[in-house]
Structures are given as structure tokens and as C-alpha cells.
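Undergrad: Sharing a structure with you now.
The values are calculated or read from the model by the stated rules, or taken from the named source; none is laboratory data. Only a predicted model underlies this, so the values are computations on that prediction, with no experimental measurement involved. We place every Cβ from the backbone using ideal geometry, glycine too, and count neighbours over all the protein chains shown.
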Amino acid sequence: MLCPMSYGVGSGGRVDEASVEFRSAMTVELVKATASDGDVLFAARVSTKGEQSREDVDADASRSVGLIRYLMRDRHGSPFEHNSMTFFVEAPIFVFREFMRHRMACVTGDAQVVLCDQYGKGLRTRTVRQIWENWHLGLLDHMPGGNGYKTRRRLLPSSRQIYARVYNEDTLLPQPGRVLDVIQAGVKPVVELTTRAGRTLRCTEDHRVLTVDGWKRVHEVTGTDFLLRAGKRAIRDEAPIPPMLRRGIGVWTSGLRDVLIEPMEECYLCHGKFPREEMVLDHEIPVAQDLTKALDVSNLKPACLSCHRLKTNGEQIYAQRLGSRSAAVPDRLASIVPCGEEMTYDLVIDEPWHNYLANGLVVHNSYNEESGRYRELRPLFYVPGPDRKLRQEGKPGAYHFADGTQEQYELVDRLTRESCAAAYAAYQEMLAAGVAREVARIVLPVTTYSSMYVTMNARSLMNFLSLRTKREDSAFPSFPQREIEMVAEEMERYWAELMPLTHQAFDGNGRVAP
């Protein structure tokens, strides 16, 4: 329900004719999904039927309802992870803070994250578990006491004013990225990913890693993929060739091989004669030296494999003598193996690059929210509706909410509208004075509406629903804030339509995630 109101605020800052809008509802839309009960069935049967498991799924999945119930009851969780649902959510900012604990893509606590200062200097490493402890519990402080020293934790502002090394995904060069939050996402199945250079990372299968072909989830990566890791490259390559462009040049060059190289051809470097299968097309003027020659046919010369290798190595050595700088460089995948279940974590990185270094590999954070740094926030705020219970009764751990009095509802409604309108007027006044958006937004309340995309698999969603909905038949009762429950109810409605048998099994199992 929208209740627009206008407020004039004098000569300093002004809302003018624009309405300050108030809403008591949440918006949840299913943007895309690859999720069905059949996904659970073929994933469960692969252990006994291998590659035939997909063909074995009955057209009528209801004939396998017993298997889904068994998997749910005995907590065989992994078959429920081979699906994905992406929701668009528009809600007050305070609701989004409840989401961050339920992301499906995370790393283990021992992952080393590279931190820096706001200028990208002063590099140091901390495990993501240490970062979470410092952020939420406080920094360790050793003080004299008794016969030695005693330890305490102090939650200081500096523990939350940290930057991580991120990579510009256009140039592949490092820069600082502000850490907005550190999430402990729960115990989840993890795999260990290893590259040819020996980099290892333990994470969930749905975590995204940066490859030369763009972002891929770990379960999508194969042995032919090159992941991007921290490394060095020649300084002279100040305008780097994007990985996709470099690969395209290679494909184009290979396609001309049979056209420009005779069955027996002379190497333009050693002048020896070689059959076509022992020859390649070489850029006489290297691509890194002059990109305009990359697609110039006259710049392509036939070279034997030995000469081509020596020439390429010589160009690299020459470039390295000019110096090098930090950059993301390719590293081929070696293996991915399961390694049990473990507590997982993730970082929330501010715009514009949602990535960070974990054990030297460039990984993605799975939280994407509208940013008040790059757009002017709308004058749209949340106000509790008449059905929102206002009074808390009982003691902590055993309390319940009750309806408020008419006077309380009127008080909450009036003060919320007045304070939000005044805050937005102050926000507009600072913007009009030329203050940066990222500074001006600090006066806005957490009732300000924002929007974000949330991606979950069925197992993550069940965990979310078990904690963020209140049901009498739950094996472990939960008492969520009403606003996050409103969002959860809409997400559950979409999910129940996509995977009705799985949803029924979830309800029948006391709403306990497997």
C-alpha cells in the first residue's frame, strides 16, 4: 500500500513537489530459475546410475516422492543443491541485513584474504574467520592482570573500517574495495579447488571464481579453464588486452592456418621447410606491442613450432626486463575434490567490483544490492501497516508480540513519516551543496527502501525459511522479525510452485533443512 505525502522543508534543502512515499509492503519477484523436483532426483541417483541418472527421472516426478522424503528425513543435503533461483527483492535496508546469513556461495574460514588501506597500500593477510571475529566480536587486546596478561575483545570502529584487495574486471589490475560486512553463512558441504600453480581454495560448489572467460561457479569449471589469480605482468602492457579479446584473436589466427600455410611451408625465422601440421601463424609484430596489427593478415607469418616458442619466450623476457606490476594472471585448473562440511564465510564488497582475493584466487561475493554511492536514493520509506504487532511482551528468549493500541499506531505512523521526510530533506540539501552521494546518504534511516538480487538453491532457501518464518508445526520454532518473514513468505510461494514435492517434504519434516 502506497501512502504518498509531500513535505516542504524551507530554503536550505527541499523535497519540493516530489512526494515522500511510504509503503508497508515488500516486493519479491522470481527473476529466473532452474529448479524442479527432477533436479533432486537425478542428483540423488547419480551415485548408483552414473550418467544415466538424468534419463532415469520419470516424466511424472510424483512417482518418486518417497525418495525425496527419504533424502529430506535422513538429511542427505547435496541433492537439493543442484538448482538455482534468483529473486528480485525491494524492501527496507534493515530487512536485507537478515539475508546475508543465507547466501549459498561461501569460502571456508581458513581462506586467506588480502587486506589493504584505502589507497591500496599496506598489504597484509588475514583469514576470513579472523576478519569475521574482529568485525563482530572485536579486536583482541592484551592487558596486564594477575600474574601475567589477560585477553579481552574490544569492538573498535577500526575493526570495521577495512579494505580488501579487489580487481578491476576490465583491466585486471588491483585496487582497494571497501568491506561492508562479513558473513558467517553456516556449515555447508565444501570442495577443494587446486590450480596448476599450486593455489588451493576450499569453498562451496556454487561459489564463483573469475576465469579468462568470465565468472563461473566452481561446479561449472573444467580442466580446460584458466582461473585468474594474483600475479605479475609487464609494465609496458599498460592497456591490457582483455582475456576474451586475446582468446578471440587466437581463434581468428588459428582459423587462417589452413588458408595461409601451404602443405609444405618455409619458416620465416629459420627458413627450414616443414609440413603444415608442424607450423603455426605468428604475429611478426607482437600483439602486445601493437594491438592494431592483431587482425592484420599481412602481419601473420608461418613459423615452425620451435622458432615460434623461442620468439614468444624472447618477447616475454624482454618485456619482463622493463619491469612488472601486480595483476590477475591465468592459472589452469588442476582438480576439484569434495572435502566434507565446514563453517563457511563471505565478504560483502562495495561497488563497483564485487570480488576479493581468497588464497590468491579472484572470487566473487554473492550479494548485490542497489548502491547509494552511484545513484540518488529514492524518497521511498517503510512504515508499519495496521496489522504489524507493536508491543513485545515477556522476557528475552520467551517473549511474544501483541497488537498495539490505537494511540501507539498513530504515534509510530506520525513519527516515522516526519523523521523520514526530515532525513530525506537533509539528504537532498547535502546533494544540492555538492556533497558526494556516499557521504550524503549517512543521514537516511534504515527504513529506506533498497533493492537487490538474491540467488539461492533449494537447500539454502530451506535453511532461510526455517529461520525466517514462524510456523506452529516447525520442529524448531523461530521468531523472526515480521518484515523479513513477509519477504520469506513470498519466496516460499514461488518455490512451492517450482518444486512442490520438495516443499511438501520440507513441511512434513518439521521445516528442517537437510
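One line per residue, one yes/no per condition, for (1) at pLDDT 80 or above; (2) in a helix (DSSP H, G or I):
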site: Asp16; (1), (2): no, no
site: Val46; (1), (2): no, yes
site: Lys49; (1), (2): no, yes
site: Val65; (1), (2): yes, yes
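Undergrad: I need a count of the residues in the stretch 257-313 that are within 19 Å of Arg247 (Cα to Cα), surrounded by 18 or more Cβ atoms within 10 Å (Cβ to Cβ) and of a type in the set (A, V, I, L, M).
TA: Residues flagged as within 19 Å of Arg247 (Cα to Cα), surrounded by 18 or more Cβ atoms within 10 Å (Cβ to Cβ) and of a type in the set (A, V, I, L, M) within the stretch 257-313 amount to 6.
Undergrad: Something else: Please give the strands (runs of 3 or more DSSP E) falling wholly within the stretch 161-280 in which 3 or more residues are within 30 Å of Ala458 (Cα to Cα) and in contact (Cβ under 8 Å) with a residue 12 or more places away in the chain. Talk me through it step by step, then tell me what you get.
TA: Working: elements: 163-167, 174-195, 200-203, 208-211, 214-217, 226-234, 264-266, 273-275.
Hits in the stretch 161-280: 174-195, 200-203, 208-211, 214-217, 226-234.
Undergrad: Also, quick follow-up: Take the conditions surrounded by fewer than 17 Cβ atoms within 10 Å (Cβ to Cβ) and of a type in the set (S, T, N, Q) and apply them to Ser466. Does it pass?
TA: Spelling it out, it is not the case that Ser466 is surrounded by fewer than 17 Cβ atoms within 10 Å (Cβ to Cβ) and of a type in the set (S, T, N, Q).
Undergrad: Return yes or no: is Arg154 over 28 Å from Leu291 (Cα atoms) and surrounded by 14 or more Cβ atoms within 10 Å (Cβ to Cβ)? Walk me through it before giving the result.
TA: On the way: over 28 Å from Leu291 (Cα atoms): yes; surrounded by 14 or more Cβ atoms within 10 Å (Cβ to Cβ): no.
In short, no.
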